[in-house]
Amino acid sequence: MNMPAVNPQPARAIEPPIGKVLRLQSQRPKFSLSRAAAIGGDIAARVIPPMIVIALIVLVWEVLCRRQGATLPPPSRVIADTWDLITDPFFDNGGLDKGLFWHLSASLQRVAQGYALASIVGVALGTLVGQSTWAMRGLDPIFQVLRTVPPLAWLPLSLAAFRDGQPSAIFVIFITSIWPIIINTAVGIRNIPQDYRNVAAVLRLNPLEFFWKIMIPSAAPYIFTGLRIGIGLSWLAIVAAEMLIGGVGIGFFIWDAWNSSHISEIMLALVYVGIVGFVLDRIVAGIAHVVTRGTAAS
Amino acid sequence: MTSYLRIDHVDKNFIRGGAETKVLSDVSLSVEKGQFVSIIGHSGCGKTTLLNIVAGLTRASTGGVLLENREVNDPGPDRAVVFQNHSLLPWLTVYDNVRLAVDKVHRSTKSRSERHAWTLHNLDLVQMTHAKDKRPAEISGGMKQRVGIARALAMEPKVLLLDEPFGALDALTRAHLQDSVMALHQKLGNTVLMITHDVDEAVLLSDRIVMMTNGPAAQIGEILDVPLVRPRKRLELAGNTTYLKCRQRVLEFLYERHRFVEAA
Ligand SMILES: Nc1ncnc2c1ncn2[C@@H]1O[C@H](COP(=O)(O)OP(=O)(O)OP(=O)(O)O)[C@@H](O)[C@H]1O
Ligand SMILES: [Mg+2]
């Protein structure tokens, strides 16, 4: 089957299903001591290089920003300035004066709501588009146009519609992360092998059974590729959206710090944003790994 | 005439992009209950197409299929298929692959514990109980075909359809599985329609061998009865004159009268 318009950006939409990385097992060492040493060496080999690189970057940064006339603070200043924020992320002085934990958790809640909604609607619409030629012909051109609209361009419209920051932010998350989920799900459904459809036909599975027992597991690697791209986009969008809507949230925290010229706080927040984004991606990847255990290899 | 399974004047044309190809032309065949019938022919002549029509997975262009005098158009568990490439669901364990079929087909007639027992029974028939918790990726090709057979048998089909079930296997595994299928046929008395391109396999297993001419527009060229008593033993048959004669007939048909045409 040829799939025309669904997927003009294969590099982005179809990554190969996440498979297990098998490493050649070296011969099992005889002594447990040498084995422990081998494992220790293995961990060291993974941990030491990034440590060295990080240390180098910090060093260069320190040297560059220590010079006279540097516009950004060196790492030592950043840590000194933000020591209170680092050591006590849980303080709450009311209003917007809260610890970083509260800002991050407010952002995460918005992402959770928008992303959950996008996952459900995205998988449902993707299934429809993947399964029905008519739905694909009708919906695909619309999807292809809408998915190129930048996240923040939706914000004024949603503010006008919802007249409130909170649902608007959630909507922006939703509309940003839904496209890769729809497109990848549709590709996954389209790629269900005819064999599985034949099995379902011989067993006379009804549409609901077919959906749960054949479609979802068969398309799972593709769906999770979409979900992974989606969570990344959500996190990108929330920070930008919160800068504009205000309220508690890491995006607003950054904007607020900028307005009061607390550059060190911005840098600290960026580190947290990066780490949280990384963790979110790992979580979805981990779920994908568990769920698609059987499907990846066939 | 009332046969158990009847393929009645079946034609099949595939239409793709305005071009029409005739794959099957006027195929008629009757199969009695409990019979083991093989269909043999060169690659691409339309064997799978014919089997799919019987299974209901493909519609005949004209003509039809009758099972117990009732026309069958849609796929269903009364005509269980063992597919050319096993078609186990890779995300389910061996047990769950069979259980899916058992749950679907026997939902109203068997209780939960009976369905569990029936699943294990069928895995036991093909000697796969030991691997019931493995996934298809973790077992060999021969084992996958066994599970495919167990899944089909578990549906208690009226007709068992086998599409080159041993095509992808090495000779030893193949012989072993042929013996298993023969033993199962002896024990359960299923009506079987099997596709093959292996002459020895056809003669060893079948009561009748249907030989198909080359496509396009393949037809039934000849039908050969194999009057060998059952149970049949591979080694004893090697020198049996009836066996050798049947083998000779099929070979002549395939390699002299209907040689595989490269261009086709
Ligand atoms: N869906 C289809 N559309 C168009 N042509 C088809 C279709 N399915 C099969 N054909 C054609 O029908 C012919 C017979 O195919 P079929 O798969 O039945 O052959 P076969 O005898 O099973 O071959 P093999 O022994 O290799 O499995 C082939 O020439 C094939 O190209
Ligand atoms: Mg075939």
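Some points to look at:
- Any hit, the range B:58-69, residues being charged (D, E, K, R), within 14 Å of chain A (Cβ to nearest Cβ) and within 16 Å of ligand 1 (Cβ to nearest atom): yes
- Per-region count, the range A:112-131, residues under 15 Å from A:Pro167 (Cβ atoms), touching a helix residue (DSSP H, G or I) at 6+ places or on another chain (Cβ under 6 Å) and open to solvent by 50 Å² or more (accessible area, probe 1.4 Å): 2
- Here B:Ala152 does not qualify as outside any loop (DSSP other than H, G, I, E, B) and away from chain A (no Cβ under 14 Å).
- Within the range A:202-260, restricting attention to residues that are among the aliphatic types (A, V, I, L, M), free of Cβ contacts under 8 Å to residues at least 40 places away in the same chain and open to solvent by less than 30 Å² (accessible area, probe 1.4 Å), the residue that is farthest from the other protein chains (Cβ to nearest Cβ) is A:Ala257.
- Failed item in (1) among the β-branched types (Val, Ile, Thr); (2) under 13 Å from the mean Cα position of the chain (by Cα); (3) under 14 Å from A:Ile170 (Cα atoms), with A:Ile245 passing the rest: (2)
- For the range A:172-183, a residue qualifies if it is open to solvent by 20 Å² or more (accessible area, probe 1.4 Å) and under 14 Å from A:Ala112 (Cβ atoms), and exactly one does: A:Phe174.
- Of the residues screened, A:Val279 is not one that is open to solvent by 20 Å² or more (accessible area, probe 1.4 Å) and touching a strand residue (DSSP E or B) at 6+ places or on another chain (Cβ under 9 Å).
- The set of residues from the range A:68-111 being of a type in the set (Phe, Trp, Tyr), out of contact with any helix residue (DSSP H, G or I) (no Cβ under 8 Å at 6 or more places or on another chain) and open to solvent by 70 Å² or more (accessible area, probe 1.4 Å) comprises A:Trp83, A:Phe101, A:Trp102.
- Residue check for B:Thr21: within 16 Å of ligand 2 (Cβ to nearest atom), closer than 24 Å to B:Asp225 by Cα and outside any loop (DSSP other than H, G, I, E, B): no
- Some residue of the range B:78-97 being touching a residue at least 12 places away in the same chain (Cβ under 8 Å) and away from chain A (no Cβ under 14 Å): no
- Look at the range A:51-69: where a residue is without any contact (Cβ under 8 Å) to a residue 60 or more places away in the chain and a partner is in a helix (DSSP H, G or I), sitting 6+ places away or on another chain with Cβ atoms under 7 Å, you get A:Val58/A:Pro75; A:Trp61/A:Pro75; A:Glu62/A:Pro75; A:Glu62/A:Ser76.
- Answer residue from the range B:197-218, given it is within 12 Å of ligand 1 (Cβ to nearest atom) and surrounded by 24 or more Cβ atoms within 10 Å (Cβ to Cβ) and is nearest to B:Lys33 (Cα to Cα) among those: B:Met212
- Scanning the range B:224-253 for residues that are surrounded by 12 or more Cβ atoms within 10 Å (Cβ to Cβ), β-branched (Val, Ile, Thr) and without any contact (Cβ under 8 Å) to a residue 40 or more places away in the chain turns up B:Val226, B:Thr242.
- Residue that is modelled with the lowest pLDDT [pool: residues in the range B:155-173 that are crowded, with 18+ Cβ neighbours inside 10 Å and within 16 Å of ligand 1 (Cβ to nearest atom)]: B:Leu169
- The residue that is farthest from the other protein chains (Cβ to nearest Cβ), among those in the range B:15-57 that are open to solvent by 30 Å² or more (accessible area, probe 1.4 Å) and away from ligand 1 (no atom under 13 Å from the Cβ), is B:Asp26.
- Scope the range B:122-141; condition assigned to a helix (DSSP H, G or I), open to solvent by 10 Å² or more (accessible area, probe 1.4 Å) and within 28 Å of B:Ser206 (Cβ to Cβ); matching residues: B:Asp124, B:Leu125, B:Gly141
- Among residues of the range A:132-156, those that are surrounded by 13 or more Cβ atoms within 10 Å (Cβ to Cβ) and either over 17 Å from A:Ser177 (Cβ atoms) or of a type in the set (D, E, K, R) (or both), counted: 6
- Just one of the numbered conditions (1) more than 14 Å from chain A (Cβ to nearest Cβ); (2) within 16 Å of ligand 1 (Cβ to nearest atom); (3) open to solvent by less than 10 Å² (accessible area, probe 1.4 Å) is not true of B:Leu5: (2).
- Listed by first and then second residue, the pairs with beta-carbon distance under 8 Å, at least 6 apart or on different chains, first residue in the range B:46-64 and within 13 Å of B:Arg6 (Cα to Cα), second of a type in the set (Lys, Arg) and more than 12 Å from ligand 1 (Cβ to nearest atom), are B:Val54/B:Arg79; B:Ala55/B:Arg79.
The values are calculated or read from the model by the stated rules, or taken from the named source; none is laboratory data. Here the structure is a predicted model, which is why all the values come from computation and not from measurement. Note that each Cβ is placed from the backbone with ideal geometry, even for glycine, and that neighbours are counted across all protein chains shown. These accessible areas exclude ligands, DNA and RNA; they are computed on the full protein's heavy atoms, side chains included. Shrake-Rupley method; radii C 1.70, N 1.55, O 1.52, S 1.80 Å.
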